[in-house]
């Protein structure tokens, strides 16, 4: 279902931060980290929600090294991002 939603969103809507965040979060929660990361990397603008979703997805799926690498690259390290780590 998630991949169908992704295809629909990509073909029907312009990628915004909100849509990108929702897709990253959805794929992370489904354990599809490669797809989440591809969307994350393709986003021109990222807010702290996007960074937090991706870091949290890595942590939740046991990919601590990837989470740490992304955490270090994050331009803003607020309390929510620290908690996700």
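What is the extension gain from residue 47 to residue 60, computed as 0.36 nm multiplied by their sequence separation minus the C-alpha to C-alpha distance, in nm to one decimal? Don't skip to the answer; put the middle values down first.
On the way: separation 13, 0.36 × 13 = 4.68 nm, distance 2.01 nm.
Stretched fully, the residue 47-residue 60 segment lengthens by 2.7 nm.
For the range 2-84, the relative contact order comes to 24 percent (Cα pairs under 8 Å, sequence separation of at least 6).
Taking 0.36 nm per residue of separation and subtracting the Cα-Cα distance, full extension of the segment from residue 83 to residue 38 would add 13.8 nm. Sorted from longest to shortest, the spans of the Cα atoms of the range 44-85 along the three principal axes equal 25, 22, 15 Å.
When every alpha-carbon pair in the range 2-84 is counted, what percent end up more than 18 Å apart? Don't skip to the answer; put the middle values down first.
On the way: 1210 of 3403 pairs.
It works out to 36 percent of all Cα pairs.
We did not get these values from a lab; they are worked out from the coordinates using the rules stated. Since the model is a prediction, treat every value here as computed from it, not as a measurement.
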